[in-house]
Each structure stands twice: as structure tokens, then as C-alpha cells.
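The values are calculated or read from the model by the stated rules, or taken from the named source; none is laboratory data. The shown structure was predicted, so the numbers you read here are calculated from the model rather than taken from an experiment. Reconstructed Cβ throughout: ideal geometry from the backbone, glycine too, with neighbour counts over all protein chains shown.
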Amino acid sequence: MPATIAAAALCPSPPLLCPQLTGRRPVLPELRAACAEVVGRLLGQDPDVVVVVGPGAATGTWDAGSRLDLSALAPGIAEGGRGTAIADGGRSGVPLAVGLGAMLLDQAGYLGPRHLQAVGRDETAGACAKLGAELAGSGARTALLVMGDGSARRTLKAPGYLDPRAAGFDSGVERAIRAGDLAALLELDQALARDLMATGRPAWQVLAGALPAPAPATEVLYCDDPFGVAYLVAYLRPREGEEGTR
Amino acid sequence: MSDPGQGGPQGVLRLGRQAFGPDRLLVMAIVNRTPDSFYQPGVTWDPTAAMERVHVVVGEGADIVDIGGVPARPGDEVEVSEEIRRIVPFVAAVRDAYPDLIISADTWRHEVAREACAAGADLINDTWGGWDARLGEVAAEFGAGLVCSHAGGLPPRTRPFRVAYADVVDDVRRTTLALAERAVAAGVEPARIMIDPAHDFGKNTWHSLEVTRRLAELAATGWPVLVSLSNKDFVGETLDAPLDERVAGTLATTAVSAWLGARVFRVHQVRETRHALSMVSAIRGDTPPALAVRGLA
């Protein structure tokens, strides 16, 4: 069956993407706008299905109606989430990154088919790439929404404080995305990523597995670290004439 | 529900040689022996300035002084020996100057707690959720008190990162109760144990607000509740107020917490806190006004 990734979008997954969680003042409007734009482009491909991929405690699939439990992050303002794991290793609650991906689709008004996929935070690069290839090989014309963050240890005020290795790690990821060199993402050091609290590592490796060579055309819409966590928003398209074949 | 023994809503809290009924609201004054704590960093780094601060807070009505040598936020490593050097001689000096003042050592390390208690500390204020399981043993050895706090399982000096709780108050209650029971098992006198939800520690602002809103659930455990609210980020975020503009928000939170059953208040602003708590006590009817002649002449 031919692999049919129509396009892929990369977004970060901080809770603060959700407007209900951040109080009265607008928070990072430019990041939210970039995420909205990239999701809009993704949906503009008119895919048969949108696959949301994000890191979670364990690899598993969530039913399409699953939504983030905001009450766990903000008791007192929000109702609980909904959704059941089809196979997630027994944990309750859709993972943050997957739930935020679903929220971005909702915000874009997307009502079509969606597949919510968590990838375990401890999966190896090989397992992630294999999962990516499976997602790409469904036969349906697929849009991938990949939710993942870089290091959370970029500054003294970062959630994880300053780790001098963070800058190099994140710029390596940025370089790979800008160049469309997704194979480089498969080389990321798993232990280093964990040390740096770079939660996106497995999701990026799923992306790499879903879009093997040739290098896709990529565009970075946002790349910054306003709270000491590396956020990257990017759009990836298979090269003209090469979509859907592998 | 655990049995707090001598403690409890109607119970007595014992600190040093003193005993306090549930209607007594106690002020714990922060005295940081650090160059880099978040609020007015370094202001009492010099030992003379620190002792002067003790004189001031005692004059303002502090019941307890809480002496700490390591900031909560991440930063340069402070070794055990350095933490001891920062706080233990100072504890001894305060003990000399004030034989009856309740002295608290703000530390999560049992080695430091042991030296501080030997130098005269009456209470070990562990903000990091019992990370060092041997603190109770030290408190028991010296007949000292112990604060059992909830830090969401975070290691000392780390920040919360996307923390989520099915029910944060339930998590606080279970965690602090378990720590209190562990302390009793280690031999700490029950009347010398307090619980602290530790606002901001392992919590985002929503979580700290929820803990405040439902503080009565923690008071209902029977263990005396300590709250440490002073100028914290959840106040700053709620009000969009920088560090030097959080006193009113802190006092509002203090009054609500007292109303809901908190008994000990760890603060930077002693005089203002004392006033806020005196108002709460009078409103509750626990203490009469200092003076009541208005309309009575």
C-alpha cells in the first residue's frame, strides 16, 4: 500500500497554548497564531485523516473524541476531559501533547476523521520510526500533526534551569527541520533528550519515520524560547511529484 | 483519617517550650542566610543584618523565626557543609539572644537539621516533601517539631513543569498525612507536627489557588496547617504584580487561609501579617478588639 503523507505540521505542546489556562492576558499570541496557521495549511491539503502524534507515558491510541483534561492543570475553572484509551498501557487521561493537538484541530474547526496517537516517551528511535512508517502506510491520504517540544533547560529561569547542552541540542533539531534532513532526528541522543526535558524527541522520530527520503520542503514559522523551553512550529511538504509514493 | 493524637483542630501545637491552642495564629518570620533568595536577595546575607532582622521581627510580633540557608529556586549547588556554615552558627546566636524564641530551621537535609537542632532549633521546616526520609529521626532525637509539606514529588530546588493532578487537594492531603504518619512512626511528638500544602511547590497558579480555596479540607485532617504564601509567584501571577507589589495579595490570601483554618503563617512582612491575623481573630470572636469605645461613650 502506498505511503500517503500529504503534509506534516510540527507544533510545540506547552499547556499555555490553551487560552483557558493562561488567565485574562493574552499569552504568546504569535506562537498561537503560528500554530493556527500551520494547522490551517495542513487542513488545506484536504486530507482523508489527520493523525495527531505526541509523546505520552506509553505508546497507544486514543479514541477520536478524546480531549485534554484541563481540570488537572487548572482546577476550579475547567471541567474534566473525556476520552478513553484504546491501548495506552492503562493510564487514564489523554496525554498533554496529544490533547493539545486535538485542541488545535478543534480551534481550526476541523470535523473530519482524526487519529490520536501517543508515542511512549521511552521508545527507541527505531520503534518511533517504525510507528511513523505504519501511520504513513495506512493507504489514506494523511496529514500529520506532530506535537513536541525542545529542551526545557535553556535559561536560568527555564523550568529545568540552565543546562549548557540545551542550546546545541535544540539548534541541531532546528537545523534538521529547516534542511528537511529528518534522518538527523533519528540520531538524537535519547538520554540527552531526557536530561534536557526535551519531550518532543519521540514524536519527531515518528515524523522522521513517516517522511523518509527524499527530504521534504520545510518552512519554519516560529522558533523561539520565551520561557526557556524551545518551541518550534514548522510545515513540511513532500517534494512536488513525489507525494504518496515510496 | 489519621489520628493526630495531641494535635488536631481542638488540639495544642507545641513548639519549643510553648503550647498554642487552635485559636492562636502564629507568625513565622523568614530570615534567609542566603545571597540569592527570590525576595530581596541577600538582604540578610550579612550576619549582622540577619540579627538585626531578628530584632525587628521579634519587635513586630513574630512567634517563630525561620532560618534558611538554601534558596528554593534552582541555582548554584549549596553543599551540606556550606548550608551548615550559613545557618547553624546563626541559630546558636539567635538562641543566645532570645532564649524563648521559637527557632525553625528551613532545610530538607537531615545532616543540617541535626546541627541546627543541636544549636537550639525547635522546629525543622522541610519544604521539599520529605525528600530526606531521615528528618523525622532527627526531630525525634531532639524533641523538635517537623513541617510535612507537599512538593508534588519534585526533587529539592526544581521547578514545576506542566504538572497535573487529578485532584491537587487530595494529593496534598494524602501526601502530607503520609509524611505526618511517617514522622510519628519515627518518634516525633504528634503535637509538634504540622502540614504545609506548599503553595507554588510542584504547583501552577491554578493549583495554588485551588489549595487555598479548599484549605479547610486540610485543616479538617486535624493536623495544624502551616501556609507559606509570602510574595509568591501565584500571588504575582494572579495580580500581574512584580515581586515588590505582592504584599496586599499575600495578606488577602493570609486572611482567607486563616479563616479556613491555617494556624501558622510563614512571611516576610511580619507587622502587616500580624495585623491581618488579628483582624481575622477578632472577626471570628477568638480575641477581643484591642480597644472598643466607638459609640460606647
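Is it the case, given these coordinates, that B:Trp223 is part of a loop (DSSP other than H, G, I, E, B) and either within 13 Å of chain A (Cβ to nearest Cβ) or surrounded by 24 or more Cβ atoms within 10 Å (Cβ to Cβ) (or both)? It is true that B:Trp223 is part of a loop (DSSP other than H, G, I, E, B) and either within 13 Å of chain A (Cβ to nearest Cβ) or surrounded by 24 or more Cβ atoms within 10 Å (Cβ to Cβ) (or both).
Mind checking which strands (runs of 3 or more DSSP E) fall wholly inside the range A:140-246 and carry at least 2 residues that are in contact with a Phe, Trp or Tyr (Cβ under 7 Å, 6 or more places away or on another chain)?
Filter on the range A:140-246 gives A:217-224, A:231-237.
Determine which member of the set B:Pro41, B:Pro22 is modelled with pLDDT under 95 and closer than 23 Å to B:Asp286 by Cα. Write out each step before concluding.
Numbers: B:Pro41 fails: closer than 23 Å to B:Asp286 by Cα.
Step by step, each of B:Pro41, B:Pro22 is checked, and only B:Pro22 is modelled with pLDDT under 95 and closer than 23 Å to B:Asp286 by Cα.
Condition check ((1) without any contact (Cβ under 8 Å) to a residue 24 or more places away in the chain; (2) outside any helix (DSSP H, G or I); (3) under 21 Å from the mean Cα position of the chain (by Cα)) across all residues:
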site: B:Gly42; (1), (2), (3): yes, yes, yes
site: B:Trp45; (1), (2), (3): yes, yes, yes
site: B:Ser81; (1), (2), (3): yes, no, no
site: B:Ile84; (1), (2), (3): no, no, yes
site: B:Ala92; (1), (2), (3): no, no, yes
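Got a sec? Which of B:Asp122, B:Asp100 is surrounded by fewer than 18 Cβ atoms within 10 Å (Cβ to Cβ) and either at pLDDT below 95 or more than 14 Å from chain A (Cβ to nearest Cβ) (or both)?
Unique residue meeting the criteria: B:Asp100.
Does the range A:171-183 hold any residues that are more than 13 Å from A:Pro216 (Cβ to Cβ) and free of Cβ contacts under 8 Å to residues at least 40 places away in the same chain, and which are they? Of everything in the range A:171-183, those that are more than 13 Å from A:Pro216 (Cβ to Cβ) and free of Cβ contacts under 8 Å to residues at least 40 places away in the same chain turn out to be A:Ser171, A:Gly172, A:Arg175. A:Asp149 satisfies every condition listed in (1) surrounded by fewer than 21 Cβ atoms within 10 Å (Cβ to Cβ); (2) closer than 28 Å to A:Asp225 by Cβ; (3) not hydrophobic (A, V, I, L, M, F, W, C) except (1). Residues that are in contact (Cβ under 8 Å) with a residue 60 or more places away in the chain number at least 1 in the following helices (runs of 4 or more DSSP H) confined to the range B:124-217: B:168-185. Here are some conditions: (1) away from chain B (no Cβ under 14 Å); (2) without any contact (Cβ under 8 Å) to a residue 40 or more places away in the chain; (3) under 20 Å from A:Ser13 (Cα atoms). A:Tyr161 meets all but one. Which one does it not meet? A:Tyr161 satisfies every listed condition except (1).
Checked against the criteria, B:Ala113 does not count as more than 22 Å from B:Leu26 (Cβ to Cβ), of a type in the set (A, V, I, L, M, F, W, C) and modelled with pLDDT of 95 or more. Among the criteria (1) over 27 Å from A:Ala193 (Cα atoms); (2) of a type in the set (Lys, Arg); (3) at pLDDT 90 or above, the one A:Arg82 does not fulfil is (3). The residues of the range A:192-239 that are of a type in the set (Ser, Thr, Tyr) and farther than 23 Å from A:Ala133 by Cα, listed by number, are A:Tyr222, A:Tyr231. Residues that are at the interface with chain B (Cβ under 10 Å from one of its Cβ atoms) and buried (at least 20 other Cβ atoms within 10 Å of the Cβ) were ranked within the range A:22-81; the one that is farthest from B:Ser208 (Cα to Cα) is A:Leu68.
Of all the numbered requirements in (1) touching a residue at least 12 places away in the same chain (Cβ under 8 Å); (2) assigned to a loop (DSSP other than H, G, I, E, B), A:Arg25 misses one, and that requirement is (1). Applying the criterion of being part of a helix (DSSP H, G or I) and closer than 14 Å to A:Asp69 by Cβ to the residues of the range A:8-22, the residue that is modelled with the highest pLDDT is A:Pro15. Within the range A:88-106, the set of residues being surrounded by fewer than 21 Cβ atoms within 10 Å (Cβ to Cβ), more than 10 Å from chain B (Cβ to nearest Cβ), within 21 Å of A:Gly148 (Cα to Cα) and modelled with pLDDT under 90 comprises A:Gly89, A:Arg91.
Of all the residues in the range B:253-287, those that are of a type in the set (S, T, N, Q), over 19 Å from B:Ile30 (Cβ atoms) and assigned to a loop (DSSP other than H, G, I, E, B) number 1.
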